[in-house]
Amino acid sequence: MKNPNKNNPPQPFPADPSRRTLLKGAGLAGAVAVSASSAGVVVATESQSLGNNSAPALEALETLTAAEAEVLEAICDCLIPSDESGPGAKEARAAHYIDRSLASHNRDSRAHYLQSLTALNEQSQKNYGATFENVARDKQVTLIEALQNDQIPGCLPSSRGFFALVRDHTIDGTFCDPYYGGNRDFIGWDMLQYPGIRLSASETDVKQGSALSPNHQSAYDNATYTKMAANTTKGQGGSRNA
Amino acid sequence: MPRSLPETDVVIVGMGAAGGVAALPLTNAGLKVVGLEAGGWLNPRDFAPDELRNNDRNWPQTIQKAASEAPTVRANPSETAVQGGHPMMNAVGGTSMHYWAQSWRLNPWDFKVVSSTLARYGRGRIPEDSTVEDWPISYEDLEPFYDKVEYTVGVSGRAGNVQGVINSAGNIFEGQRRREYPMQPLRSSPFTDLMSSAAAKMDWHPFQGPAAITTEVYDGRPPCQYHGFCNKGGCHIQAKSSTAFSTIPKAIDTGNLDIVTFARVTEIRTDVSGKVTGVEYLKGNEIFFQPAQVVLIASYAYENVRLLLLSKSSAFPNGLANNSDQVGKHYMSHHQGSPVAALFPEDLHNWYGLPAQGVALDDWADDNFDHSGLEFIGGANLWVHTDRKPIGAAKMDTFGEAPSWGKDWKAFIARNADRSNTSYIQKTTLPYLNNYLDLDPSVKDSIGLPVTRITARYRENELRIADFAQDKMEEWYRAAGATHVLRFGLGNAMGATTHAYGGTRMGDSPDTNVADRWGFCHEAPNLGILGASLMGTSGSRNPTLTVQALAWRTAEHLVSNWRSRTA
Ligand SMILES: Cc1cc2nc3c(=O)[nH]c(=O)nc-3n(C[C@H](O)[C@H](O)[C@H](O)COP(=O)(O)OP(=O)(O)OC[C@H]3O[C@@H](n4cnc5c(N)ncnc54)[C@H](O)[C@@H]3O)c2cc1C
């Protein structure tokens, strides 16, 4: 038996934990649809009302400018495109992930994005008379090929180097735990038929593998990892512990 | 002036895999032990099953002291060394928190590389510029301590040789052991079954590897649940037998162990006669002096060497225990690189696997096969395991079958996410002249002390093993039905590694060894060394169980020779 999701786009599934919390907290009309009993399980009514097609709510730009974010969105969309097999990096909100990560773990890459996105735009202007996100897909693809082949001047650390960086971050943003702002609606994990984090996996689970139905849970849907867990380290035997 | 604290019997610098084991026999014998640990305690909240955090961002190590003192690396003495990463953990339990937990004994041959090679193949087979020596002890000397650690820490596996009785479900090439493992091995999986039967068809001898992971309730800890986030992740249910969950709590229970966390040792002090008197450490903004009758350093190879070289005195102007210029010498970074990857036509069912759940082959390791027609000594342990995670899957090589992005790439990874596998091949690595550790002349850590500098590269013997092992690995994958096989480069410079050996080698001759056969310094008899920095050969499998067996042995030696060691 194969994963029913294999060839279908994933079901609409608002899974961003921050959004769920917000819905609960704000007592929005749809909030009744959020199941409180089991973290990570959201009943259908809310899914339908918010749906995959509605614009993703509550995305701040933490580091990128709006113009930069537009270019980045388009790059992500080229790298892992949405197609008949299902949604891609854009829908998974890889660009949102990257924007957030540039304020934290990837802050050293901030300058690389600033300089290289501008360089890509300038090349696009020069070749096609419009910014990257405004040219047709085939032209975008040609520009990314040029980026990969080290042919876009003005990138940091280099044209090829920026390609590798943005590819890496787009993958991270598509396939990471949704806690980080990407892999929205578990689009990335469903794409790979990864059935999700299971704190306990039986032999039967293993044998089913990709055919298991995906549980669509973030690691942080488990209380163990989100609140101070009972301290099981015995005694912490020391008089001078911090 | 440092604040002087009351004297204690023993100070252990570093409460990791080695220090955490040594503490138990010492405190059981009634000695008062102070454990100085640069990191703090971790708890289950630290062990999230989060691939991005653990594996891409290397959470366990990025916030650590170790990160600021990552060694610099160069292949040759003529080059300027460049700082790389540091793979180790700072925490109570040390790297046994987030290691893979493969828990191997060395092969008897590893202890006697020189004499065995001379006897079987002649002098010419030992590389000319290698400084390899036989260990001062044999496998049989260490066997009782392997056994103690396996039972106390909690190791699962299947014995291949119990008192001469061979069991082909275990490793038939292993040295004789006194009894079976305390727990059954981790379960097999569809993938390990596939690989095992392929190997068996070629008359090779596959077996499930040993792991410091519980497979039943052991010592009050539950069995492994196979969630599979061991690689650079701690275990939230304590199924991984880290010293923080096994020996350290027991040592604390004796009432004789006092652990000081966030204590960063910067110097080992000696008196004018050269006797070690204690250690200086930094905690917060304050400097303390902890006097002790005996000091044991267990801060991992790079830091063990650095602490000795930083501790200069009138008795030891070139660094502690370094009057024969042996500190930092005989260094080896285990050749763990040059893997082989394979693509299969079917799903491998590896989404819920762990790095220690796998199949090993020792047919091509050590001296388990005839090297007469070959131009190297030693060999490789071939290891395939079941760990698979989504980001890693998406970053897999496309085996020439797809571009690296776009629609076709997307289709490729969607189809093959659970169909590729990368082997882990550990190879005998020898010590050489000009492969060594010293202090970097310009790069400093966050408190202004020079970091360790690695000068080392693999030589012909290692590269020939790598090439040979890749042939065997390729054969194995193909026999199991792989459609594509990829071999990676053979290696050159030895970067900072999770398996660092030598630098304070153990041996009977004080001219070529820092430590004696018990792990105490020839030049400073109340200074003991714990860790793989003692080891004179690498073996072709992970070091930690050997490190722990040696640590236990050193601790027992100290207990029974307390008077002479502290005289
Ligand atoms: C990802 C990973 C996977 C691994 N997998 C395996 C495996 O499967 N099997 C295996 O056998 N080995 C494995 N290893 C290697 C294994 O972790 C080491 O062999 C082992 O931890 C070494 O023990 P140690 O006590 O010398 O060092 P550690 O366990 O690292 O302990 C050293 C301790 O000293 C402390 N320290 C350092 N400097 C100071 C200082 N100046 N003052 C005070 N304290 C200090 C550190 O904070 C640390 O707690 C792995 C390592 C890594 C990183």
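None of the figures in this text is laboratory data; all of them are computed from the coordinates on show. It should be emphasised that the depicted structure is a prediction, and the values quoted were computed from it without experimental measurement. Backbone-built Cβ (ideal geometry, glycine too); neighbour counts: all protein chains shown.
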*May I ask you to order B:440-453, B:23-36 by the average number of other C-beta atoms within 10 Å around their residues, highest value first?*
B:23-36, B:440-453
*Set the Förster radius R0 to 30 Å, insert the Cβ-Cβ distance between B:D203 and A:A146 as r into 1/(1 + (r/R0)^6), and round the FRET efficiency to 0.05.*
0.05
*Hey, what do the phi angles of region A:93-110 turn into as Karplus ³J(HN,Hα) couplings, whole Hz, using 6.51/-1.76/1.60 and θ = phi - 60°, x for Gly and Pro?*
6, 4, 5, 5, 4, 5, 3, 5, 5, 6, 8, 10, 4, 9, 4, 5, 8, 3
*asked:* Need one value for B:37-46: mean number of C-beta atoms belonging to other chains within 10 Å of its residues' C-beta atoms.
replied: 4
*Along the Cα-to-C-beta direction of B:E286, a point sits 7 Å from the Cα; which residues of region B:2-23 have their amide N less than 19 Å from that point?*
B:2-8
*Normalising by the residue count of region A:76-234, find the relative contact order in percent from Cα pairs under 8 Å and 6+ residues apart.*
23 percent
_Sites matching trypsin sites (Lys or Arg not before Pro) across region B:220-276 that sit in DSSP coil, with at most 12 neighbouring C-beta atoms within 10 Å_ = none
*In degrees from 0 to 90, rounded to the nearest 10, what is the angle of the helix B:406-416 Cα long axis to the longest principal axis of chain B?*
90 degrees
*Cβ-based exposure ranking for B:V279, B:V155, in which fewest neighbours within 10 Å come first*: B:V279, B:V155
*Give me the distance in nm between label points sitting 7 Å out from Cα along the Cα-to-Cβ direction at B:R45 and A:E84, one decimal.*
5.0 nm
*Relative contact order [Cα under 8 Å, 6+ residues apart], chain B, whole percent*: 23 percent
*Measure nothing but the geometry: give the 0 to 90° angle between the long axis through the Cα atoms of B:139-149 and the longest principal axis through the Cα atoms of chain B, rounded to 10°.*
90 degrees
*Beta bridges by DSSP in chain B, antiparallel share as percent, to the nearest 5*: 65 percent
*Whether region B:63-162 is rounded, prolate or oblate, judged on the alpha carbon gyration tensor where a/c under 1.5 counts as rounded*: oblate
*For an R0 of 25 angstrom, estimate the FRET efficiency from the Cβ-Cβ distance between B:S68 and A:R110 and round to the nearest 0.05.*
0.70
*asked:* Can you return the aspartates and glutamates within cross-link range of B:K275? Criterion is Cα-Cα under 19 Å, with same-chain partners fewer than 8 residues away left out.
replied: B:E7, B:D9, B:E267, B:D325, B:D516, B:E523
*Efficiency by 1/(1 + (r/R0)^6): what FRET value for A:E122 and B:F488, r their Cβ-Cβ distance, R0 = 51 Å, to the nearest 0.05?*
0.85
*Calculate the mean, over all residues of peptide B:344-357, of how many other protein chain Cβ atoms lie within 10 angstrom of the residue's Cβ.*
3
*So which of B:K32/B:K283; B:K389/B:K427; B:K407/B:K427 end up more than 30 Å apart by C-alpha?*
B:K407/B:K427
*So for the pair B:S115, B:V162, with labels modelled 7 Å out along Cα→Cβ, what separation do we get in nm?*
3.0 nm
*Rounded, prolate or oblate: which fits the protein assembly as shown when a ≥ b ≥ c are the square roots of the eigenvalues of the alpha-carbon gyration tensor, with rounded for a/c under 1.5 and prolate only if a/b beats b/c?*
prolate
*Take B:D511, B:D110, B:D367 and order them by how many other Cβ atoms sit within 10 Å, fewest up front.*
B:D511, B:D367, B:D110
*asked:* Between 0 and 90 degrees, rounded to the nearest ten: what's the tilt of helix B:544-560 against the longest Cα principal axis of chain B?
replied: 30 degrees
_Set of aspartates and glutamates with alpha-carbon distance to B:K232 below 18 Å, sequence-local pairs under 8 removed_ = A:D172, A:D177, B:D46, B:D50, B:E51, B:D56, B:D387
_Classify region B:225-357 from the C-alpha gyration tensor, please: rounded if a/c falls under 1.5, else prolate or oblate depending on whether a/b exceeds b/c._
oblate
*Go through B:P249, B:G175, B:I137 and say which Cα lies farthest out towards the positive end of the charge dipole of region B:136-294; charges sit on Cβ, +1 for Lys and Arg, -1 for Asp and Glu.*
B:P249
*Which whole number gives the average, over all residues in B:49-58, of C-beta atoms from other chains lying within 10 Å of the residue C-beta?*
6
*Amide H neighbours of B:W41 under 5 Å, at least 5 residues apart or on other chains, H built in the peptide plane: list them.*
B:V92
_Spin-label model distance (nm) - B:E475 vs B:R563, 7 Å beyond Cα toward Cβ_ = 5.9 nm
*Give me the number: length gained by fully extending B:K275 to B:D325, i.e. 0.36 nm times residue separation minus the C-alpha to C-alpha distance, one decimal in nm.*
16.2 nm
*Give the range of the longest stretch in chain B that excludes all GluC sites (Glu not before Pro) found in loop regions by DSSP and having at most 16 other beta-carbon atoms within 10 Å.*
B:402-567
